[in-house]
1. Kindly list the number of the only condition in (1) open to solvent by 70 Å² or more (accessible area, probe 1.4 Å); (2) under 15 Å from GLN70 (Cβ atoms) that fails for ASP40.
2. Against the definition (open to solvent by less than 50 Å² (accessible area, probe 1.4 Å) and of a type in the set (Gly, Ala, Ser)), how does SER83 come out, yes or no?
3. Hey, could you check the stretch 23-36 for residues that are open to solvent by 60 Å² or more (accessible area, probe 1.4 Å) and out of contact with any strand residue (DSSP E or B) (no Cβ under 8 Å at 6 or more places or on another chain) and say which is nearest to GLY50 (Cα to Cα)?
4. Given the structure, is ALA122 out of contact with any Asp or Glu (no Cβ under 6 Å at 6 or more places or on another chain), within 30 Å of THR14 (Cα to Cα), of a type outside the set (D, E, K, R) and surrounded by 12 or more Cβ atoms within 10 Å (Cβ to Cβ)?
5. Yes or no: the stretch 45-56 includes at least one residue that is over 25 Å from LEU17 (Cβ atoms) and open to solvent by less than 70 Å² (accessible area, probe 1.4 Å).
6. Counting only residues that are among the small types (Gly, Ala, Ser) and surrounded by 15 or more Cβ atoms within 10 Å (Cβ to Cβ), how many does the stretch 59-80 have?
7. Would you check which residues across the stretch 86-110 are open to solvent by 20 Å² or more (accessible area, probe 1.4 Å), assigned to a helix (DSSP H, G or I), modelled with pLDDT of 85 or more and farther than 17 Å from GLU39 by Cα and list them?
8. Consider LEU17 carefully, then state whether it is out of contact with any His (no Cβ under 6 Å at 6 or more places or on another chain), open to solvent by less than 80 Å² (accessible area, probe 1.4 Å), without any contact (Cβ under 8 Å) to a residue 12 or more places away in the chain and in a strand (DSSP E or B).
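The values are calculated or read from the model by the stated rules, or taken from the named source; none is laboratory data. Not measured: the values here are computed from a predicted model. No Cβ is skipped: glycine too gets one built from the backbone with ideal geometry, and neighbour counts run over all protein chains shown. Just so you know, the surface numbers come from the protein's heavy atoms only, side chains and all, with ligands and any DNA or RNA stripped out. Shrake-Rupley method; radii C 1.70, N 1.55, O 1.52, S 1.80 Å.
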Amino acid sequence: MVGLLRRLSAFEVTVPLPRPLLLSSATIAEREYVIAEAEDDDGRVGRAIGFTRGAPISTTIQRMLAPRWQGTVLDDYAVTYDSTVKASNFQGTHGIFWRALSLADCAVYDLLSQRAGLPLYAYLGGIRHAVDTTLA
């Protein structure tokens, strides 16, 4: 059975910090996150999260990627991704579009790993190692 990307969406969540974070001359009183979700026709949902840093990442996903990706065949995701990149060359190689594309791509890969029944690291070809840690 062919799986389809039924829905690609994004939303933002703002979390106030317990006290402002001072970075050089910048004061950060809250963190704004964007969450991208990719849902297949079986109801599985892949997710990715990132910082907005004040940029309209969720809007870019909703306006530029979702209309193009929704309804596409997940087994052909590489083709979907490549055609999106080619069609969006005028956006440049940096900036908001590419941050949105990267986040949506991570959500789709999370979904693809679920469809394969594998943890994401294994789906991407990684291996798991035990690592000794120390809490200081």
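1. Failed condition: (1).
2. Yes, satisfied.
3. LEU23
4. no
5. The answer is yes, given that some residue of the stretch 45-56 is over 25 Å from LEU17 (Cβ atoms) and open to solvent by less than 70 Å² (accessible area, probe 1.4 Å).
6. The qualifying residues number 1.
7. Of everything in the stretch 86-110, those that are open to solvent by 20 Å² or more (accessible area, probe 1.4 Å), assigned to a helix (DSSP H, G or I), modelled with pLDDT of 85 or more and farther than 17 Å from GLU39 by Cα turn out to be LYS86, ALA87, ILE96, TRP98, ARG99.
8. no
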